[in-house]
Each structure stands twice: as structure tokens, then as C-alpha cells.
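A short worksheet on the structure shown next.
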Amino acid sequence: MNKICTGVVAAGLLFMANTPGFAQQKSLVNTSNSPYAKLKGVNMSAVKLTNGFWADRFKVCEDEMIPYMWDLYKDPNRAHAFTNFEIAAGLKDGKHTGPPFHDGDFYKLIEALASVYAVNKDPKIDKLIDEVIPVIAKCQREDGYIHTPTMIEERNQAAGAKEFKDRLHFETYNLGHLMTAACVHYRATGKTTLLNIAKKATDYLYNFHEKASPELARNAICPSHYMGVVEMYRTTKDPRYLELSKNLINIRGLVENGTDDNQDRIPFRKQTKAMGHAVRANYLYAGVADVYAETGDTSLISRLNLMWDDVTERKMYITGACGALYDGVSPDGTSYEPTDVQKIHQAYGRDYQLPNHTAHGETCANIGNVLWNWRMLQLTGDARYTDVMELALYNSVLSGISLDGKNFLYTNPLSVSDDLPFQQRWSKDRVGYIALSNCCPPNVVRTVAEIGSYLYNVSDKGLWFNLYGGSELSTTLTDGSKIKLNQMTTYPWDETVSVSLQEAPRKAFSMFFRIPGWCKNAKLTINGKPANVNLTAGQYVELNRKWSRNDKIELTLPMPAMLMESNPLVEETRNQIAVKRGPIVYCLESNDIPKDEKLFDITIPANIAFKPVKTTIENSPITMLEGSAISTGKGGWKNTLYREVSTLQKPVQIRLVPYYAWGNRGHNEMAVWLPLSR
Ligand SMILES: [Zn+2]
């Protein structure tokens with residue numbers, strides 16, 4: 001079977017090389033031949049980040065995140081992920097150590113390295129990956145199964161060692177990340193070493209599905225494999241993988257005694273609300289969007305639209321974070337008998353239930369939000385999905401990693417008070433290794449490594465600008481004609497984006513510029529003259545003409561600081577404001593108020609004027625916001641639950657810091673939502 005598949009790939013490549021759209025075959029999510037995707041990615045090597053925000057983050061990724069995390073994952077005394085592979089391969093003796101999803105986290109890290117290599121072609125990175133792949137190959141079973149906890153048990157002849165015996169072993173999650181990493185590695189390097197392992201694993205899953213659908217259904221915990229299997233189909237063109245991806249959704253309905261926490265109490269096609277574990281939910285929605293891109297099954301997209309409305313209208317934090325609750329209950333699907341109420345964890349709450357101190361907002365869930373919205377954008381070309389992607393990326397994804405790239409958050413609270421008299425399970429200070437669950441760190445590293453792939457798309461009509469960032473693009477349109485350009489901007493700190501064309505097709509084509517949903521009064525000039533087009537917030541503006549070399553487009557996106565309020569049904573933020581400037585959500589940290597003031601005494605006048613101030617934290621350029629607030633100055637809440645309103649009103653100077661950069665200057669109290677002054 002393996003030989004046949006290799007033949008399919010080889011034949012497919014020959015075919016693709018002569019086919020328009022070939023240039024998009026090496027994109028991060030390869031929708032180049034997806035019949036129901038309007039947009040296609042550009043190849044992973046097509047975008048070079050040159051200056052500004054994302055170039056800065058990518059450089060930290062290359063120089064700090066990747067070496068730090070690679071050393072961590074290769075060190076058996078800290079993370080045991082690679083050692084587990086060595087033991088499973090028979091190269092070392094020992095036991096499996098670490099969470100059952102450790103394999104998947106190592107695959108994510110390989111994906112991150114491959115994504116960086118796609119851009120910088122650093123042979124040292126290629127070599128690092130080449131060194132570990134033979135070990136992974138060596139521990140794969142002949143039938144394609146690969147999951148180190150079970151395989152080490154088998155090797156140690158432990159009683160009861162068996163695949164899929166426990167749904168919380170995350171086997172399919174691990175397999176899914178293997179598939180995605182293998183596709184990315186193949187696209188970045190042209191090598192099939194990891195892809196061949198992933199093909200055997202996908203074949204295994206296909207065969208296992210044939211004989212054991214209910215078991216496979218029950219084990220679809222945190223379904224990264226929906227995305228993985230579809231990407232394997234796109235890479236190999238093996239029709240069995242598409243069949244498997246469709247069946248994976250159908251068999252969810254076969255689960256007996258499913259839970260809302262795992263989104264399998266109700267068959268997917270009957271679901272109306274986003275519920276349960278938010279990473280699992282968002283990965284499911286992203287995977288279903290992939291299946292829709294290939295099949296056009298309207299019963300899938302109609303559900304995704306319901307979920308998207310539910311999340312963005314009632315359940316998402318202002319930072320784009322998902323999953324409000326550490327723990328909770330799902331009372332909806334069962335009777336109201338207390339014994340029937342289901343426990344949920346790390347989960348979407350009820351509509352408008354968005355607490356701040358105890359917000360969960362796992363970094364992986366917020367990345368899942370990006371993965372899902374990226375796929376919705378590929379299907380539709382609708383800028384509302386790009387808005388959510390951008391919101392999550394700049395705020396609740398980047399908040400998961402320190403500016404120096406070496407410390408991480410599992411949860412992303414919107415408020416931290418040292419007076420809160422209880423501790424929660426996850427640290428509110430970033431740490432180098434999240435011992436219980438290090439799923440988020442390699443996930444955020446791969447996301448930063450892949451950021452260039454999110455900037456642009458192509459379609460049959462032309463080129464799309466999604467996220468703005470200083471970059472050089474060299475790609476082809478879907479008809480094979482070449483385009484090269486340079487984008488210069490220090491967005492999101494400054495409002496101007498300049499694009500100069502270096503090479504353009506002779507015939508007319510369109511360039512689509514995204515006007516962010518938050519942006520009023522955008523302006524656009526072509527070669528210095530105002531363009532006669534409508535620049536509607538929350539839409540892509542289409543500029544169709546014959547373009548030529550040296551044409552210049554300048555887009556101005558005014559970004560005054562804005563005071564935001566929430567729907568009054570969000571009890572936790574009533575009569576409070578959050579500050580946004582462009583896509584960046586701000587917060588107040590206790591080291592940016594006068595020393596004798598308490599953070600939770602600070603209130604914000606509705607007419608406050610914020611002044612942007614450029615500075616650096618950990619060598620990263622950052623724009624803070626300075627303004628004059630009011631302190632009610634009474635403090636002293638010890639042993640007090642209620643008291644008469646304070647009449648004290650004292651002006652205080654404050655500085656707001658971008659939310660993603662909070663906690664980078666030592667331990668501080670922090671709040672995104674601040675009360676309006678009386
Ligand atoms: Zn995570």
C-alpha cells in the first residue's frame with residue numbers, strides 16, 4: 001500500500017507541475033485543488049517578513065523560540081517527548097513519561113521547525129529534523145500505528161497494552177499532528193521521510209475505521225486528525241483519505257453516552273451551539289471546514305455558520321480567546337436531574353458567561369480559533385473571518401508566549417488580582433515548561449513560525465491582502481502568471497501600509513485589500529492619487545486594473561484608541577470599558593500606575609484622551625497608551641464584601657500596555673476591563 005501511495009504522489013507531482021495553480025501546492029493549508037474553497041494559500045516560502053511587527057516575532061521565533069523548545073523537548077530531564085520515541089523505538093529502556101499527548105506536541109515542534117526552514121532554508125534546521133525522523137520511523141508498528149504510551153507498554157509487556165483502550169490517551173490527536181507536520185515538512189523540504197510515516201499512520205486509521213468505527217468515534221478526543229486527514233488527502237490525492245475524513249464526522253453520531261464536553265452527545269449535523277472543551281470544539285470546526293472545502297456538503301457549512309455566530313456573538317472574549325470556564329456543567333442536553341448534569345472543563349460557558357479573573361481561554365483554543373477562521377476565510381473570502389483571526393493572533397495567541405519567546409501561559413485571564421483568596425490550577429505567570437500540559441507552547445511557536453502564510457491569498461481574480469506586515473511576496477496567480485511586491489508597514493502601531501509592485505502580470509487582475517472591521521475612514525491611493533472605491537469596514541476592497549511594475553498602493557487605516565463596551569448580558573463587564581487601538585486590545589498593569597495606588601481603584605473617564613507612546617519591552621517595539629484616569633483611592637477591602645460608595649476622586653496618570661505583552665516586566669496585577677468613572 002505504501003508503494004502505491006508513493007506512486008500516486010510522484011504521478012501527482014508530475015501532473016501538478018504542468019497545471020496552473022501549482023505554485024499554491026506548497027501552501028500551509030493546501031486548498032489549491034479544493035473545489036469549495038474560493039481562496040488558495042501562497043507557498044510557504046513565498047513570503048519573507050522584512051520589517052515591523054511580524055518580522056520581529058518571526059526573528060524571535062528563529063533565534064529564541066525554536067532553539068529553546070528544541071533543547072527542552074530533547075532533554076529527558078525536562079520534557080520527555082523525544083525520549084519517549086527513543087524508548088518506543090527500542091533505543092533506550094524506560095517508561096513513558098509526560099502527558100499522553102506528548103507525541104503530538106513534539107510533532108507540532110517539528111512542524112514549527114519545518115515552517116521556519118521553508119522561509120530561511122537554514123540547513124541546520126533541516127539537519128535537526130532529519131536526525132529525529134528515523135527514530136520516529138523506527139517506533140512505528142508495521143500496521144502503521146504509532147503512539148508511544150501504548151508502544152512502550154507493548155515493549156515492556158505490560159498487561160492490557162492495547163490501542164484505543166482509553167479515550168483520554170489522545171491517540172488520534174497525536175496522529176493528526178503527525179499528519180499535519182508531515183505535510184508541512186514535505187512542502188518545506190520536498191522530502192517524503194516524515195510523509196511516509198504519516199501515510200502509514202493514515203492507512204492504519206483508515207483500516208481501523210473499517211473494522212472499528214465506534215471505537216474510533218469514541219476516541220476522537222481533541223480532533224486534530226480531521227484537519228490532518230484532509231491535509232493528507234490534499235498532499236497524496238489518495239481518495240481513501242477523503243472517504244475517511246467524511247466518515248470521521250459521520251461516526252461521531254455513533255458514540256454512545258457521549259458528552260457535551262467532547263461535542264459528541266449530539267451528532268454534529270444536529271448541533272446548534274458551541275459547547276464543551278474549547279480546544280476540541282475549535283479543532284472540530286476547523287476540521288469540518290476542511291471537509292467542506294473538499295465535499296461542498298451543505299449540511300456541514302450550515303452547522304459551522306451556526307457555531308460561528310454563537311461563538312462570536314455570545315461566547316468569545318474581546319481578545320478573541322475561547323473557552324470561558326475552567327470547569328462547569330452542561331445542563332442543556334439532559335434532564336435537570338442533578339445526577340444527569342454533565343461536567344465540562346476548559347470549556348465554552350453559557351451565552352454571555354465571560355468571567356475575567358477565572359477566564360480559561362487556553363492558548364490552544366485561541367489558536368484553534370485562528371485555524372478555524374483561516375479555513376472559513378479560504379472557503380468564502382469574507383473579511384469577517386480575517387477580523388477574528390487577526391484579533392486572536394494579536395491578542396490571545398501572542399499572550400500565550402513571553403516577548404523573549406521562552407515562557408508560556410496555558411490560560412489567558414483578562415484580570416489578575418493578588419487579593420483573590422484562592423489559587424487556580426494553572427499559573428498566571430508564564431513558565432518555561434507547563435509540566436501538566438505543555439500543549440500550548442509548541443502550538444504557539446508553530447503559529448508564529450507560520451505567520452507569513454497567513455498574510456496573503458490568491459484566487460482566480462487576483463491577490464488578497466489579509467494581515468498587514470512588512471514583507472516581500474514572490475508568487476504566481478492561479479493562472480501561473482508571476483507577481484512580486486514589497487509591503488512596507490509598521491502596522492499595527494502605525495496606520496500606513498505601502499505596497500510597491502516589482503513584477504506584475506500584463507493583463508488586468510484584482511488586488512483585494514482588507515479594511516478591518518474596526519477601521520473607520522480608511523483611505524487608499526494608487527500612485528499618489530485617491531482611488532475611487534468604497535472602503536467599507538469589515539470587507540475586502542477590490543482594485544481591478546492593469547497593474548505595472550513600480551505601481552504603488554498606499555492604504556491608511558486610522559487607529560485612534562477606542563473605548564469598548566460589552567453587551568449588558570455579560571455581567572462581569574457591566575459598566576466597564578476595554579481599550580482597543582486598531583486590532584490591539586490593551587490592559588492596565590499595576591506597575592503602570594502610581595506606586596501608592598491600587599489597580600482595582602482605577603476608573604476611566606468616558607472622555608479620556610489616550611496618547612500613543614512608543615517604547616520597547618524585551619527589545620520588542622511596543623506602543624503604550626498614556627492617559628489621565630481617576631482613582632477612587634479607598635482600597636482596603638479586607639474582610640469587606642459591601643460598603644458605601646467612595647466619594648474620593650483623584651486624578652492619576654496611567655499607561656496601558658498591549659494585552660499580549662502583559663506579564664513581561666515581572667509579576668503584576670492586571671485588568672483588561674476597567675470601570676467607567678462615576
Ligand atoms: Zn494547549
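The values are calculated or read from the model by the stated rules, or taken from the named source; none is laboratory data. The structure displayed is predicted, hence computed values, not measured ones. Ideal geometry is used to build each Cβ from the backbone, glycine not excepted, and the neighbour counts take in all protein chains shown.
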### Query
Can you name every residue in segment 568-597 that is in a loop (DSSP other than H, G, I, E, B), over 27 Å from residue 467 (Cβ atoms) and touching a residue at least 24 places away in the same chain (Cβ under 8 Å)?
569, 570, 575, 593, 594, 597
### Message
If I ask for residues that are more than 16 Å from the ligand (Cβ to nearest atom) and either in contact (Cβ under 8 Å) with a residue 60 or more places away in the chain or polar (S, T, N, Q) (or both), which ones from segment 368-384 would you list?
### Response
373, 374, 375, 376, 377, 378, 379, 380, 381, 383, 384
### Query
If only one of 312, 295, 358 is under 17 Å from the mean Cα position of the chain (by Cα), surrounded by fewer than 20 Cβ atoms within 10 Å (Cβ to Cβ) and among the β-branched types (Val, Ile, Thr), which one is it?
312
### Message
If I filter segment 660-675 for residues that are part of a strand (DSSP E or B), under 17 Å from residue 576 (Cα atoms) and out of contact with any Ser or Thr (no Cβ under 6 Å at 6 or more places or on another chain), do I get at least one hit?
### Response
yes
### Message
Cβ-Cβ under 8 Å, sequence separation 6+ or interchain: first residue in segment 507-518 and more than 19 Å from residue 387 (Cβ to Cβ), partner of a type in the set (Lys, Arg) and at pLDDT 95 or above. Which pairs?
### Response
507/546; 508/545; 508/546; 509/461; 510/461
### Query
Mind checking which pairs have a first residue in segment 271-290 that is of a type in the set (S, T, N, Q) and a second that is within 13 Å of the ligand (Cβ to nearest atom) and assigned to a loop (DSSP other than H, G, I, E, B), Cβ under 9 Å, 6 or more apart or different chains?
282/322; 282/323
## Note on the structure
Of the residues in segment 49-80, those that are among the basic types (Lys, Arg) and over 20 Å from the mean Cα position of the chain (by Cα) number 2
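So that you can scan it fast, the table gives a plain yes or no per residue for (1) in a helix (DSSP H, G or I); (2) among the hydroxyl-bearing types (Ser, Thr, Tyr); (3) closer than 20 Å to residue 396 by Cα:
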site	(1), (2), (3)
258	no, no, no
262	no, no, no
282	yes, no, yes
286	yes, no, yes
292	yes, yes, no
301	yes, no, no
304	yes, no, no
309	yes, no, yes
## Note on the structure
Pairing a residue in segment 434-455 that is under 14 Å from residue 72 (Cα atoms) and away from the ligand (no atom under 11 Å from the Cβ) with any residue that is at pLDDT 95 or above and not in a loop (DSSP other than H, G, I, E, B), where Cβ atoms lie under 6 Å and the two sit 6 or more apart in sequence or on different chains, gives 445/65; 445/69; 445/112
### Failed item in (1) surrounded by 22 or more Cβ atoms within 10 Å (Cβ to Cβ); (2) among the hydrophobic types (A, V, I, L, M, F, W, C); (3) under 29 Å from residue 426 (Cβ atoms); (4) over 21 Å from the mean Cα position of the chain (by Cα), with residue 329 passing the rest
(1)
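Just one of 593, 608, 604, 584 is within 18 Å of residue 320 (Cβ to Cβ) and either hydrophobic (A, V, I, L, M, F, W, C) or modelled with pLDDT under 95 (or both); which is it?
Every option except 584 fails the conditions.
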### Message
Can you find, within segment 40-79, the residue that is nearest to residue 618 (Cα to Cα) among those that are free of Cβ contacts under 8 Å to residues at least 24 places away in the same chain and outside any helix (DSSP H, G or I)?
### Response
75
### Failed criterion for residue 206 (all others in (1) touching a residue at least 40 places away in the same chain (Cβ under 8 Å); (2) surrounded by fewer than 22 Cβ atoms within 10 Å (Cβ to Cβ); (3) touching a Leu at 6+ places or on another chain (Cβ under 9 Å) hold)
(1)
### Message
So for segment 433-456 (the condition being under 25 Å from residue 556 (Cα atoms), of a type in the set (Gly, Ala, Ser) and in a strand (DSSP E or B)), does at least one residue qualify?
### Response
no
### Task
Using the structure shown, decide if residue 321 is on the phi < 0 side of the Ramachandran plot and in contact with a Gly (Cβ under 6 Å, 6 or more places away or on another chain).
yes
### Task
Go through segment 351-367 and give me each residue that's near the ligand (Cβ under 9 Å from one of its atoms), not aliphatic (A, V, I, L, M) and not in a loop (DSSP other than H, G, I, E, B).
363, 364
### Task
Specify the residue that is modelled with the highest pLDDT; the eligible residues are those in segment 171-206 that are in contact with a His (Cβ under 6 Å, 6 or more places away or on another chain) and among the polar types (S, T, N, Q).
174
### Hey, residue 427 within 24 Å of residue 64 (Cβ to Cβ), within 14 Å of the ligand (Cβ to nearest atom) and touching a residue at least 12 places away in the same chain (Cβ under 8 Å) or not
yes
### Summary
Going through segment 398-426 in order, the residues found to be under 24 Å from residue 639 (Cβ atoms), out of contact with any Pro (no Cβ under 9 Å at 6 or more places or on another chain) and surrounded by 13 or more Cβ atoms within 10 Å (Cβ to Cβ) are 416, 417, 420
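Might you let me know whether segment 400-422 holds any residue that is part of a helix (DSSP H, G or I) and either at positive phi or within 14 Å of the ligand (Cβ to nearest atom) (or both)?
yes
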### Query
Does any residue in segment 624-635 that is basic (Lys, Arg) come within less than 9 Å, Cβ to Cβ, of a residue that is surrounded by 15 or more Cβ atoms within 10 Å (Cβ to Cβ) and not in a strand (DSSP E or B) six or more places away or on a different chain, and which pairs are these?
634/598; 634/601
### Residue tally, condition small (Gly, Ala, Ser) and over 13 Å from residue 447 (Cα atoms), over segment 354-404
5
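What's the total number of residues in segment 383-426 that are out of contact with any helix residue (DSSP H, G or I) (no Cβ under 7 Å at 6 or more places or on another chain) and closer than 20 Å to residue 538 by Cα?
Result for segment 383-426: 5.
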### Message
Being within 16 Å of the ligand (Cβ to nearest atom) and modelled with pLDDT of 95 or more is the requirement here; does residue 296 meet it?
### Response
no
